[in-house]
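Taking it in order: structure first as structure tokens, then the write-up.
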Amino acid sequence: MASPSTSNLSPEWLDAVRWDGAGLVAAVAQELGSERILMVAWMNREALAETAATGRAVYWSRSRARLWRKGEESGHSQRVREIRLDCDGDVILLKVEQAGGIACHTGRHSCFFSRLEDGCWVVVDPVVRDPQSIYRKRGDDHTV
């Protein structure tokens, strides 16, 4: 995304999104370059508009019922380079540069660190940094 500004935030592009009954849309964060899926979160209209305007990922925290600016506690923000909308209009794809190499509240690079093997979930990705050393305070939600 090149130099996003609020001047290009006409309501038409936001109206093209199929918001669910709660006014939310699923948002997938994909790492630019590796194309690895880092996480899935939710966005409301305000979060998507702010993301497009600032180039920094902003989500809607359902547990806190407020905007969640990725990295506000951990410092592991996401610089958004591209925003895409799927064919049904109900999923946003953010192509991001992940600061600090950690997207997950568990201290891992990606939230998708478990793989199904022989009917069991097996952790296959290491902890990059102990989450206790990342957060001043930590709730039960995934607020990285």
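Search segment 106-144 for residues being at pLDDT 95 or above and aromatic (F, W, Y), and hand back the single one that is least open to solvent (accessible area, probe 1.4 Å). So the residue we want is F113. Just give me the residues in segment 37-56 being without any contact (Cβ under 8 Å) to a residue 40 or more places away in the chain and part of a loop (DSSP other than H, G, I, E, B), in sequence order. Scanning segment 37-56 gives a single hit, N44. Screening segment 57-79 for residues that are closer than 16 Å to R36 by Cβ and not in a loop (DSSP other than H, G, I, E, B) and picking the one that is least open to solvent (accessible area, probe 1.4 Å) gives Q78.
Is segment 14-36 home to any residue that is under 30 Å from S133 (Cα atoms), in a loop (DSSP other than H, G, I, E, B), hydroxyl-bearing (S, T, Y) and at pLDDT below 95? So far as segment 14-36 goes, no, none of its residues is under 30 Å from S133 (Cα atoms), in a loop (DSSP other than H, G, I, E, B), hydroxyl-bearing (S, T, Y) and at pLDDT below 95.
Within segment 63-98, the set of residues being more than 14 Å from the chain's Cα centre (by Cα) and farther than 24 Å from P131 by Cβ comprises L85, D86, C87, D88, G89, D90.
Filtering I92, I83 for residues that are open to solvent by 30 Å² or more (accessible area, probe 1.4 Å) and β-branched (V, I, T) leaves a single hit, I83.
The one condition from (1) in contact (Cβ under 8 Å) with a residue 60 or more places away in the chain; (2) crowded, with 16+ Cβ neighbours inside 10 Å; (3) of a type in the set (A, V, I, L, M); (4) not in a loop (DSSP other than H, G, I, E, B) that A103 does not meet is (4).
The values are calculated or read from the model by the stated rules, or taken from the named source; none is laboratory data. Since we're looking at a predicted model, the values are computed, not measured. Please note: Cβ atoms are built from the backbone with ideal geometry, for glycine as well, and neighbour counts cover all protein chains shown. Remember, those area values only see protein heavy atoms, side chains included, never the ligands or the DNA or RNA. Shrake-Rupley method; radii C 1.70, N 1.55, O 1.52, S 1.80 Å.
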